[in-house]
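Rule-based calculations on the coordinates, nothing more; no lab input. These numbers come from a predicted model, not from an experiment. Counting neighbours? That spans all protein chains shown, and the Cβs are built from the backbone with ideal geometry, glycine included.
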Amino acid sequence: MIKYFPALFLFLIAGYCEAGIIRGVVTDNNNHPLPYATVLIKGTTNGTTTNAAGQYQLDLPAGQYTVVCQYIGYRKTEVKVNVDAPTQTQDFHLEPLNMQIKEVVIKAGKEDPAYEIIRQAIRKRALYQQQVKEYTCMSYIKGTINMDGAPDRFLGQKIDKEDMGVDSAGKGMVFLSESVTKVSYREPDKLKLEVVSSRKSGGGFGLSFPAFISFYDNNVTAVITQIGPRGYISPIAQNALYYYKYRLEGEFTEDGKTISRIRVIPRRKQEPLFSGYIFITDGDWRIHSTDLLLTKEYQLELMDTLRIRQTHVPVADDVWRVKDQYMHFSFDKFGFRMEGNFVNVYADYNLHPQFPPRYFDNTFLKYDSAFDKKDPAYWDSIRPVPLETAEAKDYHEKDSTAKANRDSAFSRYTLDSMRRKQKPVKMMDVLWNGAKHKYYFRRDSSIVSHDLKVRGLLQALKYNTVEGLALALEPTLLLNTGKEEKLRISPFIRYGLSNTHLNAYTEIAWTSESRIRSKFGSNEWLLAGGKRISQFNNANPIDNIANEFYTLLLKENYMKLYENWFGHLQYSRVFQTNDKLTAGIRYESRIPVENTTDFVIFQQKDKQFTPNHPEELAHVPFERHQALVVDLSFRFQPGQQFIELPDRKIPFSSKYPTFEVAYSKGIPNVANSIVDFDKWSVAASDAMNFKLFGEFRYRVAAGGFLNDRNVQIPDFQHFNGNQTFYNLKYLNSFQLAPYYKYSTTAPFYATLNAEHHFNGLLTNKIPVINRLKWNLVAGVNAFYVNGDNNYVEVFAGLENIFKLVRVDVVTGYQSKDNTRVGVRVGFGGIFGGMLKPGNNK
């Protein structure tokens, strides 16, 4: 991979004895250091960036050079240097720019001269955005995150500050990494990154993905979409004049060009906008540099502030590119106070690369086989941004600690220490949180563990009208049986105090990594059997907590159950492409059960519990019977891109929807099975980000029965209804529909779930709500079986309440009932969208 290095770096590694080091400090006229200033060799893009202390270092072959130093707001300085000694010092003292403002009298009704400059830049925007059709360059990235305070507890859990790498006051460096990455690009959207080397303090993967931020784009993605799902409007976007005000704050001359310093001022708060400065060259109207800021008042999420500084330099005739980019963020939430700096230094631009055929394949990010094998001497030789004292100390301490831990990995002391370090089981763990224990042992060159987990007793208590109060114990033992193999043993023991039924079964799952034609994938075999209690709809539309609330307090027993002796064998493979194939066979001896208790906390004489048999299917008998069913399914997403590690590929993303196909066959006359049906389904789902206009998510599906000679209630097509006050399965449920009213064995049905997340659009105009960052969400859920069996509901609501909660108002139009209106509460927003419902048994 050394052929991908810039020529300067190659020379340094191959012949360092003929090279010299120029180092120094960049300061202002008051001798204050200028952090992240640009230092480069004139006529090239080879150079460096000062660190936070204003220090820089250039490694150069012997010869004469003109070294250029520039910093936003200061006059660029050039110095001729003769490299004829191993080490020499060259400090830079930069003078503030003497901004000249033309005498312009702005009369009433006249505008600031900045507006005409911005209009010219907007006219040129598309040209510069598309000017470079393809290129390669090298990117050096250094990132640091420092903690300035951390709470002792978070969400009731004690914070282990030692594991975080901070002191008892919560202060210290928690992240430090650097990397060298080759960037290759071809219009319109082909991008390939090749990580030459990467390093993280204490070991592990560093940050190797350059942050591509182009202010020539109308909509700017600032690092990751989570900090601004709508993106941010560029100060020179096509419609920027509608969002920004501008003020010309001065002009200066540099290399014969006049540069205008323009103040960028958002017109309105709670819009995705920058503030700060943009520097535009006169005549060709290109970006010279930027110093722009995002804050919470302008729809920045997760962080409090994000500052982005860029310096653009010429790389060819009439072509300028970003030379360096500096980002600083601050975060102060939940008792955590931190700030971070990320520096990208770009070098060795090639605007006419000769890409071989099929160079841009589905590998998006590729790591060299020795990316993490570089020693400190290598990093000292190629690092364009000098380490600061705290950074050098962090590397030394954490790398030494990591090495000591590796060296002592087999020692009895280390093993005993890990065993002793486990937190003791407390009463709250036994009652609610659950208890877990690790059993450490040595294997090959590492220490691995077996894990035992047990739910808290209060969480193990269930209540329904069939079992009454039930105790459900669900311990899990996870065994590491090989390097890439794990065995999970999960017994389920459940006893109902009212019906005195014991249900017990065990799941055994074995997972392993394997190769098929040199491609990695994971296999899982699942074997389960015993006696259990199940909902008629095996998608479990109502969870235990909701059922207990409605049963005990409101006298509504929505959960409908049956018992079954069963055996289940299933195989699934997740391919390297993230596609998943599942095949299984299950046998059930299904047993109807009845209500055995009518206990409630609040007596309501005007209400009665309904029978355990779904009342909407009262006309469908359910008697004891046997069922043998084969299930097949396949999930795939075309166009998958990958991160390629030295030994495997990891799926990363795709711009195409995810598709699912499934087929189930009820097999009669085998082991007394009476079911006889063929059931099919297809589905497609996706999430599409329209930036300023929000994100659209959908799921469409169709299916039916090719044969319905004998279909029992558990095998019907059930639509996931919801008669409780909260919802968790937004794109696979119907928020107001009854649970079993529309269940069917029809030859065809179709469903649609669609919702649009406005992500601040519209609500950013509403006082109070815009400051709280509550966002509008709206959509429709519908299914169609036939003219007598269909359902449509529309909803609108607010999400991102406390970053977690979503509240919808829903109207349901039902073919078999009157129109209903209701309110549903669930999870939605920055953090709420990350939560997924689990299985409730």
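Based on alpha-carbon centroids, what's the gap between segment 427-498 and segment 751-826 in Å, whole number please? After rounding, the separation between the Cα centres reads 37 Å. When only the Cβ of Lys, Arg, Asp and Glu is charged (+1, +1, -1, -1), the dipole of the chain relative to its Cα centre reaches about 640 debye. For the chain, find the longest principal axis of its Cα atoms and tell me its angle to the long axis of helix 114-129, 0 to 90°, nearest 10. Value to nearest ten degrees: 70. Going from the fewest other Cβ atoms within 10 Å to the most, the residues Y495, Y243, Y359, Y740 appear in the order Y359, Y495, Y243, Y740. Which aspartates and glutamates, if any, have their Cα less than 18 Å from the Cα of K483, not counting same-chain residues under 8 positions apart? Straight-distance partners of K483: D444, D451, E513, E524, D647.
Exceedance of the 32 Å cut-off in Cα-Cα distance is limited, within the set K76/K182; K374/K436; K333/K729, to K374/K436.
Peptides 207-218, 425-436 ordered by packing proxy, namely the average of other Cβ atoms within 10 Å per residue, highest first: 207-218, 425-436. Indicate the gyration tensor shape class of segment 277-366 (rounded, prolate or oblate), computed on the Cα atoms with a ≥ b ≥ c the square roots of the eigenvalues: a/c under 1.5 is rounded; otherwise a/b larger than b/c is prolate and the rest oblate. Oblate is the answer for segment 277-366, as a/c is 1.5 or above yet b/c matches or exceeds a/b. The aspartates and glutamates whose alpha-carbon is closer than 17 Å to the alpha-carbon of K607, local same-chain residues fewer than 8 away aside, are E548, E556, D598, E615.
Only aspartates and glutamates eight or more places from K373 in sequence, or on another chain, were considered; those with a Cα closer than 14 Å are E178, D399.
Ranked by the mean number of other Cβ atoms within 10 Å of their residues, highest first, the peptides 450-459, 728-737 fall in the order 728-737, 450-459.
Summed over all non-identical Cα pairs, the Kirkwood treatment of the chain gives a radius of 31.5 Å. Sorting the segments 647-657, 114-124 by their residues' average number of neighbouring beta-carbon atoms within 10 angstrom, most packed first, yields 114-124, 647-657. Which shape class applies to segment 765-841: rounded if a/c is under 1.5, otherwise prolate when a/b exceeds b/c and oblate if not, where a ≥ b ≥ c are the square roots of the Cα gyration tensor eigenvalues? Because a/c hits 1.5 or more and a/b fails to exceed b/c, segment 765-841 counts as oblate. For segment 119-401, just say rounded, prolate or oblate: build the C-alpha gyration tensor, square-root its eigenvalues into a ≥ b ≥ c, call rounded for a/c under 1.5, and beyond that prolate if a/b exceeds b/c, oblate if not. Judged from the Cα gyration tensor, segment 119-401 comes out oblate (a/c at least 1.5, b/c at or above a/b).
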